Structure formats: C-alpha cells, structure tokens
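Peer 1: Below you'll find the structure I mean.
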Amino acid sequence: MSTHIVRMSLACVAAGALSAGLSAQSSTTQGYLLPPKVIVDILDAAPTPTVIVAPDRKMVALLERKSMAGIAELAEPIHRIAGARINPRNNGRQLRTGAATGITLKAVADGTEKKVVLPAGANPGGLAFSPNGKHLAFTNTKPTAIELWVADTATGQSRLLSGTDRLNATAAEPCDWLEDSSALVCTAVPAGRGPAPAEPRVPAGPNIQENLGKAAPAPTFEDMLKTRHDEDLFEYFFTSQVVSYELAGARRTAIGAPAIVESVAPAPGGEYLLVSKVKRPFSHLYSMSGFPKDVEVWTRKGTLAKKIADVPTAEGIPINGVITGPRQYRWRPDQPATLTWVEALDQGNPKNAAPFRDRLLTLAAPFTGQPAEFGKTEWRFGTLSFTDKGIALLVESDRVSRRQRTWVLDDSGTPRQLWDLKTDDSYRNPGSPVTRQPGGAVIQDGNTIYLAGVGSTPQGDRPFLDRLSLTTLKPERLFRADDKSYETIVAPLDYAAKTVLTRYETPTEPPNYYVRDLTAGTKRAITAFKDPAPQLRGVQRQFVTYKRKDGVALNGTLYLPPDYKAGTRVPVVMWAYPREFGDADSAGQVTGSPNRFTTYTGASHLFLLTQGYAIFDDPKMPIIGAGETANDTYVEQLRMSAEAAVDKVVEMGVADRDRIGVGGHSYGAFMTANLLAHTDLFRAGVARSGAYNRTLTPFGFQSERRTFWEIPEIYGKMSPFYHADKINEPILLIHGEADDNSGTFPIQSERLWMALKGFGATVRYVTLPNEAHGYAARESVLHTIAETINWLDKYVKNAPPRTRTTTAQK
C-alpha cells in the first residue's frame, strides 16, 4: 500500500455536511469524512444532562448541553500560554464541549421540576449552589465577556449580578460562595484595562534561557511561555481584580489591588481570603502552578493580614520531590479562619534520609502569632481532611513500597493508625470519607463517619456505604449494591444516613438518580433519563477472565455486535491501556463491573460494534515490578498479556487469528506500536495521540521516574520508534495538532510516520487541526471514527489470510 498523509484545512469543513450510506466515506474523499449514519445519529443526540447536587440535598440541578462543539468554535483564536488555552476575547478558557442549553431544578422530595429562566442565547456553566441551597450561581459565557448570574431556586428566576464587569476565568472557575450565602467572591478583569500587548513585528533580540549550575529536571509540558511577548500576554490576561458581589442590593466591592491571582478562597467565617499571587520571574519549563508566588491572607477589605509563604519556582524540584516551603495550604472547614499547610523536612528530596518527611502547621486568626506544628509524617504527606467536629484524617504514602497509611488525629494527642494499605490493592480499599459541599468537611454523626467505595471483588465492583466508628475504628456495612446492578452513593440525605441519594444503572437501564431508604430497603427515582443510544441495545457484553503464561490473572470485557450468533467468528479489535503494578496480586485483581450501562461518546472504539466487529475492551496489560523495576521487562510482559488475550477470544470461538486488530489512545497508542513491533499477533493497529520515542521524555513518563541517562537501554527498548523497522503490519496514526498532554507532543507521531515511511511500511498519518489530546469537535470525532472503520475494514475485516512466516527480528 502506498503511504498517505492527511492534513485537513478549515476550507474543507463543508464536506462534513455530506451524507453517508451504510459504510464510512472513502478515505480518498477530501475534507472531513463521515462514518455510517447510525453512528452520526448516536453522536448528534443530546447527551444525558450533568447532575449537580445542592449542599442541603433538597434539590439537584440538571445541566443540558449540545453533544459536541463544532470545528469552527475550536478554530477561534486562542493564546496557548503558561499551560493554559485562553480565549482572548472573553478572558476565559477555551471551550471544547458542546454549548449548554438549559438548566432544570428538580426537587429531591417529590421530583417536581422548574426551568431556570436564562438570558437569551445563554451558554451557562460553572454551576454552584449557595451553601443554604436558596440560590444557584452560574456563569454566562458570551463572545466578548463572561458574566455572573444568580437564580432563585424557589422560582427559577435569574438575574445578572456582575453588572458591567467581565469575569476573569483564565486561571480557574472565577467565583466562590461565602459560607453564609450572602455573596460571591470572584476574579474580574480590572477596570480600565487597555489593549493586549501587541507582538513586535520586528524582534528586539533573541530569546535566551540560562541555567547556572542548578539541577532542574522537568517533565515535558506543552503550551509553556517561550518569549518575552508570551510573558507580557500572560501578565495581561491573568491579572485580576478580586471582587465581592452581594446578593442583597447587588452591591459590588473591589478587594485589594489587581494582581496575577492564581486562586482566592474565602475562609469559612467569611472575614478573610486566602490569596495566591503569581509573580515574576515566570518559568518557561512549568505551567502557572509552578511559577513563583506569594501566598497571603487578606481581610475582606483587601488589607494584608499575614504573608504565609514566598513560594519559589518549581524549577529545581527533585524528581518525585516537593518544594521546601509551605505547600497545600487550606482553610480548616470546621473553623471560621484557621489555616493548615505542609512543609518538607527532607529538603523536598525523597533521596535524602530523614526520620520524618513532612510536618503539618496551623495558624488561626488574627494571624499575629507563630504557626503551631500539629503533626509529622514518616512518609510523604498525602492529604489532610477534617470532620465537622474537628477530628483530622491524615494520609501519607511511600512510593517505593507502594503503601499508604491513614491516621486519626484527635484531642488525645496520640495519632491512631486507621489503615495501612497497598496503593494498588483494590480489594481491600476501605473507601473514602463522605464529605459535605461546599467546604469539604467530613460528615461526622456522633462519633461515626461514613465511607463510600467502589467495592472491587473477583466478581466485579459492588459499591458500598459503611459507617466507621472513630472509637473502635471498625466499619459497619450500611449498603452494598446487588450483584445485578451498579449503584453508587452520591450523598447521604440526613446525618444518620437513613436515606441516601444514589446513582443506579444496569446493563439495560441507563444511569438515573434515586432516593434509597436504607431502613426500608426501597428506592424512588428522581430522574428518568432515557437510553441515548437505543440503536445499540442489541450489543451483548461478557466479562472475561483468563491468565497469562506466568500465572498473572487478567480480565477484560468482550462486546459482541448486535445480532451476533453464538459460535460465529467475527473480526475483533482489542483496545487497551497498560498500567504499572508493584506485585502480581494487585495486578490480577478485577476492577470494573459487568453490571454497568454502556455509553457511547466521542471517538469511541465501541462504535465499531455497528460494523460487525467484536470489541475486547480493556484486556488488562499489567506491567509488574517492585519499586522502580516494572519497565525493566515491559516488552516481555506486554507480549505475554497480548498473547493471552488473543488466545482467549480465539478459544471462545469469537475470533480467528487472521482477523484481530489492536488499538489504543495515548499510552494505549504507545502499547499498540510496541505490539506491532514486537509481535505478529495482530493484522493492523490504530494508534491515537501516542508517544513513541521515550528519549523525548527523558525525565520520566507514566509511572517511570528513572531518567533516560540512568536506564538508556530500557528507554530504547520500550520506544517503538527505535524498532520502526520491525513494524510490518498496517498502522493508522492519528494525532491532534494541538495536543496539550505532557509527553505526547505531535512530533511523536510525525517522527514515527517518517520512520515508517522510510522503511516502506503501510501507514496512514492523520493530524486533526485545533484538536488537543482528546478530540472534541464534531467534525474531528466523526472523521476519526470514519478513518478507523476504513482502516480496519481494509486490513482486518477484509484482509486475506496471511502467510505464517514471521519477521526474524520479532
């Protein structure tokens, strides 16, 4: 087959309006392709609304939206600076989802509904109930501004609260409620801001970066600052004025002076703000989160109450290390104005021997005293949470042993160990504490808290709710999903958790929300979402278990096309994503559930089911090794897992060895190219947005933290680019031209394409304009599916029997 490269231009968008028959449009068609109509219809259907639960659990908001954005929307000008993609016209992030179309409020008690009255042409987002549940705040994104609106949840009527201000949403969601529900604190574009800095037509000089003997390893991030002009643009667009908008009288109050505000968090008592302000010099290696910053406590009037930290740049942090100064600063949710933060005791370097890695500090209003130490961790600090009544749950973790410990800190002054677990051990995962929102305090009823978890078992996941005694540290099971459904706990509806809000689904029933009475054992539906893809209800699904030749237990989900007849061998596509584990026991555990409803969204490989393919979805590809050694045998373990998966579907009578393809996205694409290079198990592959040359990620990737210079032979062995001469099966490479994921720069696919073409391989290389790591535009999604169908139809479904000779290098 001759090689091709496809680069689609905006001039070809109109081709997307063409209709398609029963098969995908030919790959020779110019412009965007369309897959079969059944797929187009499914993707164009309105998606299931997003559900947001009110803090008082008396109401939910349903956000309806269109299925996908159009390529014209993604083609709107953006700035790619400091790790963010911003819209310079409205000072917000680039929107990559279908526009929101409506908000419905639904009462939990009886299911009654009311529509929120929106402004004409609204695109609402950022929905946030007030803590008392009486109001719903939302942003309205317009072409040249982002506004703040507030709806009365009793009537559905909404009003503009931000007046003529333009919110600044470049750094994060721009608004937070005060705990008393009286006002919102937001970031806004400073009044009187002039035009954006113009890029010089003639460069003033070269762009220079310098390092003077300081080690500063860094991951490979996209969208970093590169020039002085980038720095000026960043300062211009990310500078905000902190503002409060009061509901009563709609009074607006400016707080403090404009600054590059990374975050602003009101204290639970409402009298103070925790503000993180970015400052120069900006890093060209890290995103905004790694820039130098001042962390300060402000009063509501904007005066400085306390400077908490002068945080240096993230450049120079050791691999797997942390900064040396204060980090993870938070308000205690159970106190009006008490801060907590963490500081390293080992210079932030995990290679330094130290009896304790971190210490925890606290400081309360009026912030005039010295911080008090209230704990230390032998391992690296993980998280700290507080219950309503002030009991702390502290989590620490150790990367080398892959273990995690949780401690209970109370007034006794003696930490009590709650759990000591392997981080990869799904079967023994006790769940996570249930919290209230906003604020994040762990719900405490008497001397008990609640734990909600996935509940992994050898038969699949069965979510649960436990009550944990803080006296005995013993759990009591309150609820567990049955073995025919998948039902998760959304929130307790009362402090005793006698009734709970759940999300319930089965293989034939789409997810819906229910009120479940745990005492009576009954449930009542409060939503009635319909199946968004009834065309695919005939799909059959089987949960499959098997072992690879070294005895490691594996599993996956086999989907069979509608109207499949038992015993018929059909073309099969395996779609997978490898994952590292510290031991075989954890790697062999079953995760996922055979009782979940299958959804079909985006450029999903599951759409191949409409074309007569069976899909072996997520056949496990574990890479196992203690400490940092897993990748030492990456290729060998990958081959064993793939051989076992192929043997299983052939043994089941579903596949024949001559018609099996393989595919994956990101690290799954990396896997795909490796399997084609090192095995002859598959007729063809589909690799989307992958990284293929690990020397381009020299300071680590995925869970690998050893550098290229420590283990060059392993980086080379794992890199399919190094073995491009062995890829003798057809491979389809697809990549977003604006990939924003660490490590998967578009050059990864471009260089593999050039290598494969140089060796005369059968390869097609498709780049998608304006697309990031995941594909969002309707035209891109449909084209990706059409390309995939065309490729697999030619080289898997309709491929002639192959000769049994194999390449000597494999």
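Peer 1: If you keep only loop residues by DSSP, which chymotrypsin sites (Phe, Trp or Tyr not before Pro) in segment 701-744 have at most 10 other Cβ atoms within 10 Å of their Cβ?
Peer 2: TRP709
Peer 1: Please calculate the 1.4 Å probe accessible area of ASP466, with all protein chains present, and give it to the nearest 10 Å².
Peer 2: My reading of the accessible area for ASP466 is about 10 Å².
Peer 1: Which angle between 0 and 90 degrees, to the nearest 10, do you get for helix 778-792 versus the longest principal axis of the chain when only C-alpha atoms count?
Peer 2: 30 degrees
Peer 1: How large are Rg and Dmax for segment 58-146 when only the alpha carbon atoms are used, in Å?
Peer 2: 15.3, 48
Peer 1: Output needed for segment 143-189: three equivalent-ellipsoid semi-axes, defined as square roots of 5 times the C-alpha gyration tensor eigenvalues, in descending order, whole Å.
Peer 2: Largest first, segment 143-189 gives 20, 14, 8 Å.
Peer 1: If you don't mind, another one. Could you calculate, for segment 368-477, the ratio of the Cα radius of gyration to the Kirkwood radius, expressed as Rg to Rh?
Peer 2: On the way: Rg = 14.9 Å, Rh = 15.1 Å.
Rounded to two decimals, Rg/Rh equals 0.99.
Peer 1: Separate question: Where q = 0.18, 0.24 Å⁻¹, what log10 of I(q)/I(0) comes from the Debye formula for segment 460-550, counting one point per Cα?
Peer 2: For segment 460-550 at q = 0.18, 0.24 Å⁻¹, log10 I(q)/I(0) is -0.89, -1.25.
Peer 1: For the chain, what does the accessible surface come to per residue with a 1.4 Å probe? Please give it in Å².
Peer 2: Averaged over the residues of the chain, the accessible area is 42 Å².
Peer 1: Spelling out what I want: for every residue of segment 670-677, take phi, set θ = phi - 60°, compute 6.51 cos²θ - 1.76 cosθ + 1.60 (Karplus), and round to whole Hz; glycine and proline get x.
Peer 2: Each residue's phi maps through the Karplus curve to give 4, 4, 4, 5, 5, 5, 6, 6 Hz.
Peer 1: DSSP loop (so not H, G, I, E, B), at most 16 other Cβ within 10 Å: list which GluC sites (Glu not before Pro) in segment 660-757 pass both filters.
Peer 2: Answer in residue order: GLU710, GLU737.
Peer 1: Right, another one. Taking the alpha carbon gyration tensor of segment 179-336, what are the square roots of 5 times its eigenvalues, largest first, to the nearest whole Å?
Peer 2: After diagonalising the Cα gyration tensor, the semi-axes are 32, 23, 11 Å.
Peer 1: Can you sort ILE71, ILE747 by solvent-accessible area, 1.4 Å probe, largest first?
Peer 2: Values: ILE71 0, ILE747 65 Å².
Largest accessible area first, the residues go ILE747, ILE71.
Peer 1: Rolling a 1.4 angstrom probe over the protein chains, ignoring ligands and nucleic acids, what is the accessible area of VAL264 in square angstrom, nearest 10?
Peer 2: Result for VAL264: roughly 20 Å² accessible.
Peer 1: On alpha carbon coordinates alone, what is the Rg over Rh value for the chain, Rh being the Kirkwood radius? It would help to have the intermediate numbers written out before the result.
Peer 2: Working: Rg = 27.4 Å, Rh = 28.9 Å.
My calculation of the ratio gives 0.95.
Peer 1: Still on this model: Please report, for the Cα atoms of segment 267-345, the Rg to one decimal and the Dmax as a whole number; what are they, in angstrom?
Peer 2: Over segment 267-345's Cα set, Rg and Dmax evaluate to 13.8, 41 Å.
Peer 1: Can you give the Kirkwood hydrodynamic radius for segment 724-779, in Å, rounded to one decimal and based on Cα pairs?
Peer 2: Kirkwood hydrodynamic radius for segment 724-779: 11.9 Å.
Peer 1: Label point 7 Å out from PHE699 along Cα-to-Cβ: which residues of segment 340-378 have amide N under 19 Å?
Peer 2: 347-352
Peer 1: For the cross-link pairs LYS58/LYS484; LYS214/LYS277; LYS279/LYS389; LYS226/LYS293; LYS114/LYS530, which exceed 27 Å when the distance is taken from alpha carbon to alpha carbon?
Peer 2: From LYS58/LYS484; LYS214/LYS277; LYS279/LYS389; LYS226/LYS293; LYS114/LYS530, over 27 Å: LYS58/LYS484; LYS279/LYS389.
Peer 1: For segment 538-637, state the semi-axes of the equivalent ellipsoid (square roots of 5 times the eigenvalues of the alpha-carbon gyration tensor), sorted largest first and rounded to whole angstrom.
Peer 2: Over the Cα atoms of segment 538-637, the semi-axes work out to 29, 14, 13 Å.
Peer 1: Averaging over all projection directions, find the projected area of the Cα convex hull of segment 281-398 and quote it in nm² with one decimal place.
Peer 2: Numbers: hull surface 33.7 nm².
In nm², the orientation-averaged hull projection of segment 281-398 is 8.4.
Peer 1: Considering only C-alpha atoms, what is the centroid distance from segment 243-267 to segment 33-47, in Å?
Peer 2: 44 Å
Peer 1: Over the chain, what is the relative contact order in percent, taking alpha-carbon pairs closer than 8 angstrom and at least six residues apart?
Peer 2: For the chain, the relative contact order is 10 percent.
Peer 1: Please list, ordered by chain and number, the residues whose modelled amide H lies under 5 Å from the amide H of ILE623; skip anything fewer than 5 residues away on the same chain.
Peer 2: Residues meeting the criterion, in which the H sits 1.01 Å from N, are ARG579, GLU580, PHE581.
Peer 1: Moving on to the next point. Protein chains only, probe 1.4 Å: how do ARG688, ARG537 rank by accessible area, largest first? It would help to have the intermediate numbers written out before the result.
Peer 2: Details: ARG688 10, ARG537 75 Å².
The residues order as ARG537, ARG688, largest area first.
Peer 1: Could you let me know the centre-to-centre spacing of segment 702-774 and segment 167-240, using Cα atoms, in angstrom?
Peer 2: 31 Å
Peer 1: Under a Cβ-Cβ cut-off of 10 Å, what is the net charge of the residues other than LEU167 that fall near it, where Lys and Arg count +1 and Asp and Glu count -1?
Peer 2: Charge balance near LEU167 sits at -2.
Peer 1: Segment 673-810: percent of C-alpha pairs farther apart than 23 Å?
Peer 2: 38 percent
Peer 1: Next question. Give the carbon-plus-sulfur fraction of the accessible surface of the chain in %, rounded to a whole number; probe 1.4 Å, heavy atoms of protein chains only.
Peer 2: So the carbon and sulfur contribution to the accessible surface is 52 percent.
Peer 1: Using the Karplus curve 6.51 cos²θ - 1.76 cosθ + 1.60 with θ = phi - 60°, what ³J(HN,Hα) values do you get for each residue of segment 186-202, in whole Hz, with x for Gly and Pro?
Peer 2: Ordered by residue, 3J(HN,Hα) equals 9, 9, 10, 5, x, 4, x, 5, x, x, 5, x, 7, 6, x, 5, 10 Hz.
Peer 1: Between GLN157 and ALA216, with labels modelled 7 Å along Cα→Cβ, what's the label distance in nm to one decimal, could you check?
Peer 2: Taking the simple label geometry, GLN157 and ALA216 are separated by 5.7 nm.
Peer 1: When the Karplus curve 6.51 cos²θ - 1.76 cosθ + 1.60 is applied with θ = phi - 60°, which whole-Hz ³J(HN,Hα) does each residue of segment 497-505 get, with x for Gly and Pro?
Peer 2: Karplus values, whole Hz, x for Gly and Pro: 6, 6, 10, 9, 8, 10, 10, 10, 8.
Peer 1: Given H placed on each backbone N at 1.01 Å, which residues far from ARG93 in sequence or on other chains put an amide H within less than 5 Å of it?
Peer 2: ASN87
Peer 1: I would also like to ask the following. Considering amide H positions built from the backbone, and no H for Pro or chain starts, which residues 5 or more places from LEU554, or on another chain, come under 5 Å of its amide H?
Peer 2: TYR546, LYS547, ARG548
Peer 1: Sticking with this structure for a sec: Okay, helix-only estimate at 222 nm for the chain: each DSSP H run of n ≥ 4 adds -39500 (n - 2.57), divide by all residues, round to 500 deg cm²/dmol; what do you get?
Peer 2: Taking each H run of at least 4 residues, the total per residue is -3500 deg cm²/dmol.
The values are calculated or read from the model by the stated rules, or taken from the named source; none is laboratory data. The shown structure was predicted, so the numbers you read here are calculated from the model rather than taken from an experiment. Don't worry about glycine lacking a Cβ; one is built from the backbone with ideal geometry, like all the others, and counts go over all protein chains shown. The accessibility values were calculated without ligands, DNA or RNA, using every heavy atom of the protein model including side chains. Shrake-Rupley method; radii C 1.70, N 1.55, O 1.52, S 1.80 Å.
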